[in-house]
Amino acid sequence: MKKSFLLPLVLFITLVWPPAYATELPDLGESSRTYLTDEQEQTLARSIMRDIYSDPHFLDDPAIEAYLNDLGYKLVSHSPGSQRVFDFFVLQDPTVNAFALPGGHIGVHTGLITTADSEAELAAVLAHEISHVTQQHLSRMIASQDRTFWPTMAALAVAILASRSNPSAGTAAIAGVQALSMQSQLSFSREYEKEADRMGFDVMQSAGYDPHAMASFFERLQRSNRLYETDAPAYLRTHPLTFERIADIESRLEKLPYKQYKDSSDFQLIRARIKSMDGTASDAIALFQSQIKEKKFTSEAAAQYGLALAYLRANQPNESEQAAQRAARLSPSPLTSLMLAQIAVKSGKQDLALNRYRTGLTTYPNYRPLLYGYAETLLDNNKSQEALNILKPRTAFRTDDVRLWKLLGRSYAMLGKQLASHRATAESLALTGDLHSAIEQLNLGLKAGDGDFYDLSSTEARRKEWQAMLEEQTKK
């Protein structure tokens, strides 16, 4: 997200957001520094992501999220500053957009994934956003503002969500203040956008993606903008393109030798997964049936996969099973393994579902959506100790996984271990930025009093840690 979009948006929030909101936001100290410290950025990120997670358009789909994070981290591993922690999340929104937020959080609209003609085009956008983060564009921009910028910046998530749900109102309000500092903003933003293009180009090429996709995708968006000037793609509104930027990319492409690139099979499956959610279940079934009948698909496996998901959505597990088996034969993957297990659950065949989850985890041991589904199915079948045995060691290594902590909390609750259950639930809440609720859970756990001395002491220490963070976050 670049400055020429962000500052007018922030000015808009200043005009309409109640001043009282600022009393709940962090005092991040002097703003004369060039960059934010990691602690300052994380404090700001928690304030923003708390609102993102609670928005109804936040898409809680482990399979899509896992794909996006795998792709994102493949790019991050080839990027300067790759030691940073990133989080790629999805918003169910048909517009073509992506944006970077403080703390390494990168949001992607489902419309961007389905509009991209190739995985490389999606990688181009992610590499661009990753470069905004690694080059500390957001941190540098935020730190350069005066202290009145902090409350409006922390309210950024609210404005993003509001402008998306009512774009005409948001655009009109933004236009009213945009002229205030447009000239300086454009000069500053062009520099950052060109730097993100240049770094993103190198990142995607190093990661093994076709760098031509960056130019082709941007050019296609630019043509859309010329054809539909009153309804430009959202990505162009937040990242305005110039012919100079595209020309810079194309000049770099001229020096590269020709090379063939191939999309991963999961890219097409994920696109089909998103499309299976559009419209009614009957609409989705008709779409994929038509693709298969007329052979109008990029991937037959993806068309069968989408059809299976649409049938499952329509509560037709038998038809879903048939399509899923065809997809799995054409393209064995963790996604098809997950779907076959989910179909068995939907069909009421719990033993088959558990067997499919175990088989899937044997083949794909690091695929967490299979782990989530397996643990949830165990819990649904009163196998709480077995669920606990697979979840507890994983939370020790994946301390940032909200879903694992939630499932662990449920496992402990079923076993009657109240302190441990409240503690795990609290960890999941803290990861979403909700420190108030997290502390409440710890209080409930401490009152339960069923833990040993070590459990009680560590929980009390955790509560003090979060209370200190909350006090820092709510300083005036």
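All of the numbers you see were taken from the coordinates with simple rules; none came from a lab. Quick caveat, the model's predicted, so the values are computed rather than measured. Cβ: placed from backbone, ideal geometry, glycine included. Neighbour counts: every protein chain shown.
Cross-link check: pairs K74/K194; K74/K346; K346/K383; K349/K447 evaluated at a Cα-Cα cut-off of 29 Å; pairs beyond the cut-off: K74/K346; K349/K447. The modelled label-to-label distance for the pair S458/T432, using points 7 Å beyond Cα in the direction of Cβ, is 2.4 nm.
The label point for Y258 and the one for K392, both projected 7 Å from the Cα toward the Cβ, are 6.0 nm apart. Under the simplified labelling scheme, the N366-S77 pair shows an inter-label distance of 0.6 nm, with each label point 7 Å from Cα along Cα→Cβ.
Restriction of the GluC sites (Glu not before Pro) in segment 238-332 to DSSP coil positions whose beta-carbon has at most 16 other beta-carbons within 10 angstrom yields E254. Between segment 354-392 and segment 79-135, the C-alpha centres lie 30 angstrom from each other.
Measuring max minus min along each principal axis, the C-alpha atoms of segment 272-381 give extents of 40, 24, 20 Å (largest first).
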